[in-house]
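The values are calculated or read from the model by the stated rules, or taken from the named source; none is laboratory data. What you see is a predicted model; the values in this text were computed from it and never measured. Virtual Cβ from ideal backbone geometry, glycine too; neighbours counted across all protein chains shown. To get the accessible areas, we keep the full protein, side chains included, count just its heavy atoms, and leave off ligands, DNA and RNA. Shrake-Rupley method; radii C 1.70, N 1.55, O 1.52, S 1.80 Å.
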Amino acid sequence: MEGKLTDKSTIIEIPEDPLRTITVEELYDDDKFDFSKMEEKDLFLLLESSPDGLTDGQVNERLEKFGPNKIEEKKRNPILKFLSFMWNPLSWVMEIAAIVAIALTNGGGKPPNWQDFIGIVLLLIVNSTISFIEERNAGNAVQALQESIAPEAKAKRNGEWKVIEASMLVPGDIISLKLGDVVPADARVIAVHGQLLMNQAALTGESLPVKKEIGDELLSGAICKQGEAEAIVMGTGKYSFMGKTIGLVGKHDDTAHLQIVMGRIGMFCICCIVIFLIAQIVVMYGVFRYEYRRGMNNLIVTLIGGIPTAMPTVLTVTLALGARQLSKQKAIVTHVSAIEELAAVTILCSDKTGTLTLNKLVIDRQTLKQYSDVGLDDIIRYAAIASRTHHQDAIDACITEAAGDIQNIRKGIEELHFKPFNPTDKRTEITYRTINDGKVHRISKGMSRVILELCTRDKTDELIEKLQKDVDEFASRGLRSLAVAIEDVTSGDVGGKGNGFKLIGLLPIYDPPREDTKETIDRAIELGIKVKMVTGDQLAIAKETGRRLGIGDNMFLSKVLKDGPPEGSAYLDIDDLVLHADGFSGVYPEHKYEIVERLQNMGHMIAMTGDGVNDAPALKKANVGIAVADASDAARSAADIVLTEPGLSIVIDAILGARKIFQSMRNYSVYTCSMTIRLLVGYSILLFAFQYDFPSFMLLILTLLNNGTMMTISKDRVEPSPYPTKWLLSDVFVHAIVYGIYSALSTVALFLIIVKTSFFQERFDVNEIHYRPLDSPTAPGWNDPVLNSIIYLQASIMSHGLIFITRSRTFFFLDRPSFMLVIAFVLAQLIATLIAVYANWGFANVAACGWTWAGIVWIWNLIWFFPFDLIKFALAAYFEPKKKLAIEETLQIEPSTPEQRSRREIVTSAQKGSTSSSDRRLSTMSETGNSSFEETIVRAAGRYFAPHTRDLAASPYHHHYHLARILAGNNDNLYRISADSENLRKFSLVQAHHAARVLKAQAERLESGTTPV
């Protein structure tokens, strides 16, 4: 069979059995087969499809030919990936130390320091191996979580509609689209139900939704804004618009915030190393006149001891394992770095329906109003009889549920006529006959004013006044009113005239809060989080819900965002009102976006919940966008976190979990920076004061055992911070410096007592450490092999013990660590003790110190260890009030004080100085005020930690959302891209836009005289 399609100048021949005879490349060659200009019947013929869809056999054949409908991530060579873990600023320092050991530490009649060289190389290999294995497992865990929220599509298979994973779509599939759906593959419309509008701004730059009709193309990644449609799939995976565009644009170079944090910590450690290296070179060679070989050995100690080689792996694995833990709490992250931001959230903007409330109407029996001798239960029963029992709306469902078993509601009666609710009459009406006596009755329920006008029996001025008063009372409390009236039809005819309707009751209907919502909001306030209700509902309903939940009723209509604070309000400006309001009603998507933006500009980290397609912009704008359970594809794609169960408690549990994860990361950062300071300061003092040379090989062993222990920190049991937490690196560095100096003093003090007194020799009968002349051929000065073992053991115990201080917020013995951390610590210290007691390694210049010295060292460290908690409490007394002050203004209802406004203006001006939303997000995640040069260096260093964070990147199942970010670059406005729709399929838009960005960036650098780092 052959079909022909005549174009203006092209005749396309469709061969028999086209998908088997035509190659994929030929099929998607526009010069041969232009899908956009084909007749529908020819398209079906070419794709060998029909309106009934494909069969399972056809699907399997096409999956093999075209591949799955997803953008395949380029697989990295595992060997190159392994080596990449050795290519970052921290590893460079270790590699420099290895070069120094093998190439520069020669002379003095001795061979190069090959023991240290081998030790450093082995340490690098061990660290890279652990990083490779741990982060591959972490990446697999993250991928499994993201696959659990993979987008789905409704496709017709074997003549029946089925919901399948979007990745299983193939060309020729018939798909169904509805409001909020993301187009899963390039398709062509074959049926439309209602007006079909598609939002393809992220793809084409068209700011308004585009109307689509039968025969029009739908691009993968577009979002259905209105109407429903059926379409035939034309291109999937890398053959779709999305796949080809991502291939043209390439991967977006976006340094993750965690990489920047690693860059800052790495730069801190490297700067400290450089300072001490310069000081040691000056002192050793300029003052002490060290021989070349001896000085180089000491420089190796400084290079090795100051580098936290395990930091990137520990931090990223902690995040990945935390993401898996959050999934158990019914919160799935679409990119793991959102955990950092979730821990820092200060304000949660939550929608009302379905999140704070049950999204299910109920009757408030306690406030039901009665106007006759008909009992309360009978009023509800009459209202239920006047309700639909099938295809119910929300009101009918709540009334029949309140009445009891729906099967018994009309038991004993015969329905004669039912008039359903319509917007004109605003009521329902049923005429029925009771079977036992054959009498006919009517019931009507609906809007109170309509029912009152309908009533003629027992209608008095007092009744009218009472009803109006009750309706106003319900309205002021946010309750909907539903009036019920009855009459008897004495004639017994269906259309006969009754004896007049009589008002019998007024039903108060509302959407009740979830059982745990009030408790959850109380928990949020205790955690320093302000919960704001952002709803499209009426103001009275919002206030009543706020009162019931403890959120508060200081709420405003959304129009204040434009008109400013109401007259008589104490708020001086819109920002002040937005910050202190308990919520907003009558909100549209653009209002949500503005609320988030204003709060972010004041320095707050914002979480926003949403479920609809119109919520997507606000979810993207928020620091943490949260798609609630049953959210649309568009909302889920724009969100950072997707909830799998309804309710606000899931959000708060996720925040609490994120704080625990963040706390583990902070604890380790403080610890590892402390070790850098401890080793640099301690050994430099011993070097400058006593010309003491610590063996570099023993430092390698200490580092190796330390790294092994620290790998368990990701599984540690920690208490979350009671306040929103973010990366305050000044806090981290101050703690590290104080802890490090104190630890160094413990080593220096022990050294002094050993070499300057006979205290230990007299009381414990241990061997005396002898001083050797500086011209001694072996171990000159105080470089005694036994002393080296003692100092090594003291440093190992004190270093590892510090983690128990940094991990707890109270006394270390009151905060139980994880079993794995304890076991790792015990094993590491057992090995360290055995080495100190028994090792006689001439190449490392250590000798067995014996059990007595080991016992002395353990007791000494215990004596110095307990005051650590007092130091921790003193530092907390300085930093904690600042953290409390930061949340006071957020939680207060009253307008900001002049001091608070002044502080806020400083933050706001800093936020406005950021050129993009990503910059503003980073500035709210950590401290601001860094110079542009420093920021450039940090970002450059951070990029080298990409191998550690690559597996934590956003889900590949949301390519259309992230493509928008790629195309927008640093621009908040995704609609600045323009295109001629006729040329879309040739992708000239994307190519031109991407090239323009590159050329513009180069031009700006030339004008400013700068070059990229």
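Data for the structure
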{"item": "Hits in the range 389-418 - residues which are on the phi < 0 side of the Ramachandran plot and in a loop (DSSP other than H, G, I, E, B)", "result": "Thr389, His390, Gln392, Asp393, Asp405, Ile406, Gln407, Asn408, Ile409, Arg410, Lys411"}
{"item": "Neighbours by Cβ (under 6 Å, 6+ apart or cross-chain): first from the range 388-406, more than 19 Å from Asn359 (Cβ to Cβ) and open to solvent by 30 Å² or more (accessible area, probe 1.4 Å); second part of a loop (DSSP other than H, G, I, E, B) and modelled with pLDDT of 85 or more", "result": "Ala403/Ile409"}
{"item": "Any hit, the range 409-417, residues being closer than 13 Å to Phe501 by Cβ and either surrounded by 14 or more Cβ atoms within 10 Å (Cβ to Cβ) or assigned by the TED database to the domain that holds Gly354 (or both)", "result": "no"}
{"item": "Checklist (1) open to solvent by 20 Å² or more (accessible area, probe 1.4 Å); (2) in a helix (DSSP H, G or I) applied to Lys360, failing item", "result": "(2)"}
{"item": "Yes/no for Asp31 being open to solvent by 20 Å² or more (accessible area, probe 1.4 Å) and at pLDDT 85 or above", "result": "no"}
{"item": "Answer from Arg442, Arg449, Arg477 - the residue that is charged (D, E, K, R) and under 30 Å from Val578 (Cβ atoms)", "result": "Arg477"}
{"item": "The range 170-188, residues that are closer than 19 Å to Lys212 by Cβ and part of a loop (DSSP other than H, G, I, E, B)", "result": "Asp173, Lys178, Leu179, Gly180, Asp181, Val183, Pro184, Ala185"}
{"item": "Filtered residue count, the range 225-244, keeping only those that are modelled with pLDDT under 85 and under 18 Å from Leu169 (Cβ atoms)", "result": "8"}
{"item": "Flag if Ala876 is farther than 30 Å from Val734 by Cα and either of a type in the set (A, V, I, L, M) or open to solvent by less than 20 Å² (accessible area, probe 1.4 Å) (or both)", "result": "no"}
{"item": "Count of residues meeting criterion [in contact with a Pro (Cβ under 6 Å, 6 or more places away or on another chain) and either closer than 23 Å to Val314 by Cα or open to solvent by 30 Å² or more (accessible area, probe 1.4 Å) (or both)] in the range 815-847", "result": "1"}
{"item": "The lone exception for Thr609 - which of (1) under 16 Å from the mean Cα position of the chain (by Cα); (2) open to solvent by 10 Å² or more (accessible area, probe 1.4 Å) it fails", "result": "(2)"}
{"item": "Residue check, Ala639 among the small types (Gly, Ala, Ser) and out of contact with any helix residue (DSSP H, G or I) (no Cβ under 7 Å at 6 or more places or on another chain)", "result": "no"}
{"item": "Enumeration of residues in the range 715-744 that are within 19 Å of the chain's Cα centre (by Cα), of a type outside the set (A, V, I, L, M, F, W, C) and open to solvent by less than 40 Å² (accessible area, probe 1.4 Å)", "result": "Pro720, Ser721, Tyr723, Pro724, Thr725"}
{"item": "Residue within the range 677-689 that is in contact with a Leu (Cβ under 6 Å, 6 or more places away or on another chain) and surrounded by 24 or more Cβ atoms within 10 Å (Cβ to Cβ) present", "result": "no"}
{"item": "Counted residues, the range 419-435 - those being over 51 Å from the mean Cα position of the chain (by Cα) and not in a loop (DSSP other than H, G, I, E, B)", "result": "5"}
{"item": "Unmet requirement for Lys426, which otherwise passes all of (1) in contact (Cβ under 8 Å) with a residue 40 or more places away in the chain; (2) open to solvent by 60 Å² or more (accessible area, probe 1.4 Å); (3) touching a Gly at 6+ places or on another chain (Cβ under 6 Å)", "result": "(1)"}
{"item": "Count of the range 525-540 residues which are under 28 Å from Arg480 (Cβ atoms) and crowded, with 22+ Cβ neighbours inside 10 Å", "result": "5"}
{"item": "Hey, Leu326 farther than 14 Å from Met605 by Cα and either surrounded by 24 or more Cβ atoms within 10 Å (Cβ to Cβ) or in contact (Cβ under 8 Å) with a residue 60 or more places away in the chain (or both) or not", "result": "yes"}
{"item": "First in the range 111-130 and touching a residue at least 60 places away in the same chain (Cβ under 8 Å), second anywhere and open to solvent by less than 60 Å² (accessible area, probe 1.4 Å) and charged (D, E, K, R), Cβ under 9 Å, 6 or more apart", "result": "Asn113/Arg293; Ile120/Glu95; Leu124/Glu95"}
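Here is a yes/no grid of residues against (1) within 30 Å of Arg901 (Cβ to Cβ); (2) of a type in the set (Ser, Thr, Tyr); (3) open to solvent by less than 20 Å² (accessible area, probe 1.4 Å):
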| position | (1), (2), (3) |
| --- | --- |
| Thr852 | no, yes, no |
| Trp858 | no, no, no |
| Trp864 | no, no, no |
| Lys882 | yes, no, no |
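Table: residues versus (1) at pLDDT 90 or above; (2) under 44 Å from the mean Cα position of the chain (by Cα).
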position	(1), (2)
His441	yes, no
Lys445	yes, no
Arg449	no, no
Lys466	yes, no
Gly478	no, yes
Gly495	no, no
Phe501	yes, no
Pro512	no, yes
